[in-house]
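What follows is calculated from the coordinates using simple rules that are stated; it is not laboratory data. The model shown is predicted, which means the values in this text are computed figures rather than measured ones. Cβ sites come from the backbone with ideal geometry, for glycine too, and all protein chains shown count toward neighbours.
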Amino acid sequence: MTCHRVPAALACAFLLASATMARAADEPRVRVSTTLGDFVIELNPERAPLTVANFLTYVKEGHYTNTLFHRVIANFVIQGGGVTPEYALKPAHPQIPNESGNGLQNLRGAVGLARAAGPHSGDAQFFVDVGNNADLDPLPTRWGYAVFGKVIEGMDVVDRISVQPTGAVSTLKSDAPLTPIVIKSVTLIGEAATSTPAVALPPVAPPPTPPAAPPGQ
């Protein structure tokens, strides 16, 4: 948009600001409620459409209710959404394609899709970057970890989770909080709570027996 006259510049700026606000309103937000407090994630369906649709399907299904932040590393990440309080791996839908080449970086507060060693092995588990983690971004020679949102409220809660004492707990060999950190719910907030439909995914697959180690970075 180009403004040709000085008096029109204010109107032009208003239109640009309105367009920016409209785009922001289209970005769904979710509230993650945990036993250590709540934080809010703003999702980015423009840059990560497959990953956001996948995540919102799990949200709509209530998948994250009563799961753990089971992997916590100070100054690195907190990871959760796939392990139950009994330390079993929760059944998940089939894995999705990796969208790590979308231009979003693993900076502090970014939210990404956790995966195993295979590049397209992400399903339900997600993580929040506690620090700037360039090593998780893609390079021409390797896949990265797909960022699909960012924390916009409650980063102090993420920090609180990240510094909890950790160790080996049950089936987890390291980095598990010694006092369980439970995700009580992940819910859509604002207009998206009524306007964002769940995407139909194939039925969930049963977990391996015995449960496999949860994916990590």
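At what distance in angstrom do the alpha carbon centres of the range 92-131 and the range 26-78 lie from each other? Each part's Cα centre sits 11 Å from the other's.
Counted by neighbouring Cβ atoms within 10 Å, the residues Val157, Val163 run from fewest to most as Val163, Val157.
Taking label points 7 Å from Cα along the Cα-to-Cβ direction, Leu36 and Lys60 give a separation of 3.1 nm.
Over the range 26-191, what is the relative contact order in whole percent, taking alpha-carbon pairs under 8 Å and six or more residues apart?
Values: 413 pairs, mean separation 56.4, N = 166.
It comes to 34 percent, rounded to a whole number.
Backbone geometry of the range 97-109 corresponds, through the Karplus equation with coefficients 6.51, -1.76 and 1.60 at θ = phi - 60°, to 3J(HN,Hα) couplings of x, 7, 10, 5, x, 8, x, 7, 9, 7, 8, 3, x Hz, x marking Gly and Pro. The residues Ser33, Ser174, when put in order of fewest to most other Cβ atoms within 10 Å, stand as Ser174, Ser33.
Bridgeable lysines around Lys173 (alpha carbons under 20 Å apart, same-chain partners fewer than 8 residues away excluded): Lys90.
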